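To start, the structure itself, in structure tokens.
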Amino acid sequence: MSSVCLPDGSSRAITPGSTARDLAESIGKKLAQAAIAVVVDGTVCDLSSTLPDAEGTKVRLLTDRDPEALEVLRHSCAHIMARAVVRLFPGCQLAFGPALENGFYYDIESPTPIREEDFPRIEEEMRALIALGEPFERFERPVDQGRDLVRDMGQKLKVEHIDEDLCRFPSLSFYRQGEFVDLCRGPHIPHAGKVGAFKLMSLAGAYWKGDASRQQLQRLYATAFFSQKDLDAYLRQIEEAKKRDHRILGKQLHLFTISPLAGPGLILWMPKGAMIRGILEQFLRDELMRRGYHPVYTPHVGKLEMYRMSGHFPYYRDAQFPPLYHHPAAPPIDLLQYRLAAGALDEAREREMSLFLTQASIVIPGYAEATTPADRLAATAKFAGEVLDLHGIQLPDFVRAVGAEEQARSLLVWLEKQEGYLLKPMNCPHHIQIYKAVQRSYRDLPVRLAEFGTVYRYEQTGELSGMTRVRGFTQDDGHLFVTSEQVEEELLANIELVRFVLKTLGLGDYRVRIGLRAKGSDKYVGSNDDWDNAEAALLRIVKNLEMPHSAEEGEAAFYGPKIDFVVRDCIGREWQLGTVQLDYNLPKRFDLEYIGADNRVHRPVMIHRAPFGSMERFMGILIEHFAGAFPVWLAPEQVRVLPVSEKAADYAKQIELKLREAGIRVTADIGSDKIGARIRTATLDKVPYMAVVGEKEAQSGQVSVRDRLTGDLGAISLEAFMARLEVEIRERRLPAG
RNA sequence: GCUGCUGUAGCUCAGUGGUAGAGCACUUCCUUGGUAAGGAAGAGGUCGUGGGUUCAAGCCCCACCAGCAGCUCCA
């Protein structure tokens, strides 16, 4: 006899070999019917799983009220969807079908593409399968037998997955539902009838195993709930969230616009948006002055040479606007040099390279036809020679050079002599030049330079999205040059600054991500020791702050690890806002120095930080956060004066003037609308306060104040109203709730 | 960049091969109204761009541009 421990603290004896379902039945028939799955010592398992033969195992039965049960349901519904698709689209290859936070997806490769028009019949098939209410039956097979099983079913992707990853396990688990068998870890709901409501949401492409060099599959997104009511509530919630979308509100409220003619991904700030941005910038500027920062200004372009030195130009070659060269031969030579320097590439890298060359509009004769890496490099070198000849450029070193590496080096020597500029992708190299312009003593450190610096990055077309992912944006950038002893203190101060900024704006719903380097990757610069130091310092600080965080490998910048503050937009996508980054590498690359107390030369450490991140992205998130209804201190229009009729127009204009003289952003709506219509317009424009004035107010020198949310607040004197505004603005008061 | 979808008036959208529509917004006139829409008239469109099919294209086909959802990327 063994026993299990239930959530209420009671313990219950079970016979060895009994399942979770047996346990549920022994507790009550109702519970047995309602049970979806079971949590055994923290792990979610099938209801049919055998309970461990031990004393005091913690067991919790899950019903449709538990969030973990919903995840199980969705995973099972993914199987049902896959089964329906396989029935309707013969010859489908199944990949992965996991549950997500708000639903699930299944990646499928179908010989006949699935289209959105097919959703109704897939849903119909699923409804039929759910009506059958067949059980999910688990069984296990040793790896080689399991491999044979999926092979015989013609599931090549599953075979691949077993060969690549799962072969290290002794056995594989499967789930059977009628004729449908799928390789799966589980757990699953007891039977299909548990799915109360579901809906296919969208269709998208996804790469096999998330690898862009592998084949692209079709991903079907869907969601499922235990009841129709829950599904309806979820769909309503999505509709509500869409109304907060900054792209829609930005248009409605005239905050910003994007013109394909001006350029995709380039934000045009309209007066109202610009007003908000200006206030945010001033807010931060004031804060930075208090914290010992020095404002600086740097230009929008910089010499290529500087970005070669920093590493930004070669490292992000395909994510930049094309470099600006004077010499007509330089752009093609630059591209050809880049290709030669890359050397022999494997298939995946070669595909990326070909795409990059195509995008840069250079056609290398013989390149596409070449079958080996060596032939491609030879074609590239040959073409470079022709370009040089065409322009009458004598480059004996290039002619003598043997091999792509040497050829690339000789071309680079020539390129470095050419005048060339880059739209700046980062502010740090410019700030570094400002640091270097003066001899620095340890007494000067930390040197804190700050700038609202606009940078340009050529993001992939598919990435552009409103204000959150753009090709030109202004970072509230700052660089600190510190001694190694000052690193922790300054990091701390800047994390504190980011938190202060977010708190002031009421953005409390964020997560903190520690970006570490991916072990074993070659995409980072600098020594292992520096990286180890930097990563350890960041982790130590965050731990001391007792701030919830997650350390994620592969999320570091190429020059150092970082702490990012990540928020979600209205449709659940995550965006990095504030960031604090630690950098031992750029100081080395630019040979930065200061004179220490020991009268010797030392190297400073750099901290890159941006509390807002980018003004564009921050603004986008802020629009969604406030649903366009900005607090009084940020609102582009703080008060609208509404005369009851044109008889009160003169008084309304007097009020407008007095408020404006007091520094309030105010307009008066003098028109032929009735007062109700004027209130409606002001409310839709999300103006925080309306001052309704008629004959009564004109006689008593009052204004009838109306809040955009709570409505009529009654008549008060103009002085009292101005005092109220003054307090709200000074305190940067946020809307309640 | 890849997969799928979308592009018609300033905005939101209807329009299944035969003379381009609605609501809101805009302009003018009437109305002077007390807390979320007063009335009337008017103006406004190379149907994203370029090709093709057709007697005839907003609608069908191709390419490009832009947007949306997702994937990959993100200093």
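Set the Förster radius R0 to 51 Å, insert the Cβ-Cβ distance between A:Glu459 and A:Ala233 as r into 1/(1 + (r/R0)^6), and round the FRET efficiency to 0.05. Can you show the working numbers first?
Details: r = 36 Å, r/R0 = 0.70.
Taking R0 as 51 Å, the efficiency between A:Glu459 and A:Ala233 is 0.90.
Near A:Glu451, once Lys and Arg are set to +1 and Asp and Glu to -1 for all other residues with Cβ below 9 Å from its Cβ, the sum equals -2. The Cα trace of the range A:166-206 gives Rg and Dmax of 14.2, 37 Å, the first to one decimal, the second as a whole number.
Every Cα-Cα pair in the range A:428-625 was counted, and those over 23 Å apart are 46% of them.
How large is the direction-averaged shadow of the alpha-carbon convex hull of chain A, in nm²? Provide the component values of the computation, followed by the final result.
Working: hull surface 173.7 nm².
Averaged projected hull area, Cα only: 43.4 nm².
A quarter of the convex hull surface defined by the alpha-carbon atoms of the range A:467-520 gives 6.4 nm² as the mean projection.
Evaluate 2.2 N^0.38 Å with N set to the residue count of the range A:69-240, then give the Cα radius of gyration divided by it.
Numbers: Rg = 15.7 Å, N = 172, 2.2 N^0.38 = 15.6 Å.
Its radius of gyration relative to the 2.2 N^0.38 Å reference: 1.01.
Here chain A carries DSSP beta bridges of which approximately 85% are antiparallel, counting only pairs with both residues inside.
Per 10 Å bin, what is the whole-percent P(r) computed from every C-alpha pair distance within the range A:140-199? Pairs per bin, as whole percents: 21, 48, 22, 9.
Here, the range A:639-730 yields an orientationally averaged convex hull projection of 5.2 nm² when only Cα atoms define the hull. From largest to smallest, the equivalent ellipsoid semi-axes obtained for the range A:327-418 from the alpha-carbon gyration tensor read 21, 14, 12 Å. Charged neighbours of A:Phe256, selected by a Cβ distance under 11 Å, balance to +3 (K, R count +1; D, E count -1).
How about the range A:63-132: which GluC sites (Glu not before Pro) there lie in a loop by DSSP and see at most 14 other Cβ atoms within 10 Å? Show your work: numbers first, answer last.
Values: sites: A:Glu68, A:Glu71, A:Glu101, A:Glu109, A:Glu116, A:Glu117, A:Glu123, A:Glu124, A:Glu125; in loops: A:Glu101.
The qualifying sites are A:Glu101.
Extension gain for A:Arg285-A:Arg600 works out to 109.9 nm (0.36 nm per residue, less the C-alpha to C-alpha distance). Let me know the shape class of the range A:225-379, please: from the alpha-carbon gyration tensor, a ≥ b ≥ c as square roots of the eigenvalues, rounded when a/c is under 1.5, otherwise prolate if a/b is greater than b/c, or oblate. In terms of gyration-tensor shape, oblate. Sort the range A:365-447 into rounded, prolate or oblate with this rule: let a ≥ b ≥ c be the square roots of the eigenvalues of the Cα gyration tensor; rounded if a/c is under 1.5, and if a/c is not under 1.5, prolate when a/b is larger than b/c, oblate otherwise. Here the range A:365-447 falls in the prolate category. Determine, at each q value in 0.17, 0.24 (inverse angstroms), the log₁₀ of I(q)/I(0) that the Debye formula gives when each Cα of the range A:474-581 is one equal point scatterer. Taken in order of the listed q values, log10 I(q)/I(0) reads -0.85, -1.52.
Hey, what's chain A come to in accessible area per residue, 1.4 Å probe, Å²?
Details: 35520 Å² over 737 residues.
Here the per-residue accessible area is 48 Å².
Specify the inter-centroid distance of the range A:172-206 and the range A:490-552, based on alpha-carbon positions, in whole Å. So the two Cα centres are separated by 39 Å.
Once you charge only the Cβ atoms, +1 for Lys and Arg and -1 for Asp and Glu, what is the size of the charge dipole of the range A:2-63 about its Cα centre, to the nearest 20 debye?
In debye, rounded to 20, the range A:2-63 gives about 240.
What whole number of Å gives the distance from the Cα centroid of the range A:707-732 to the Cα centroid of the range A:248-322? Measuring centre to centre over Cα atoms gives 34 Å.
Using equal-weight Cα scatterers in the Debye expression, the normalised intensity of the range A:67-150 in log10 at q = 0.16, 0.20, 0.22 Å⁻¹ is -0.73, -1.08, -1.22. When each of the peptides A:142-151, A:574-583 is scored by the mean number of other C-beta atoms lying within 10 Å of its residues, the order from highest to lowest reads A:574-583, A:142-151. Centre-to-centre, using Cα atoms only, the range A:656-675 and the range A:365-381 are separated by 70 Å. A convex hull fitted around the alpha carbon atoms of the range A:277-343 yields 136 Å³ per residue. Helical runs assigned H by DSSP (4 residues or longer) give chain A a calculated mean residue ellipticity at 222 nm of -12000 deg cm²/dmol, each run adding -39500 (n - 2.57) before division by the residue total.
What's the carbon and sulfur percent of chain A's accessible surface, probe 1.4 angstrom, rounded to a whole number? The partial results should precede the final answer.
On the way: 18210 of 35520 Å².
Here carbon and sulfur together make up 51 percent of the probe-accessible area.
The values are calculated or read from the model by the stated rules, or taken from the named source; none is laboratory data. Please read these numbers as outputs of a predicted model, since none were measured by experiment. Using ideal geometry, Cβ is built from the backbone for each residue, glycine included, and neighbour counts are taken over all protein chains shown. Heads up: the accessible areas ignore ligands, DNA and RNA and are worked out on the full protein's heavy atoms, side chains in. Shrake-Rupley method; radii C 1.70, N 1.55, O 1.52, S 1.80 Å.
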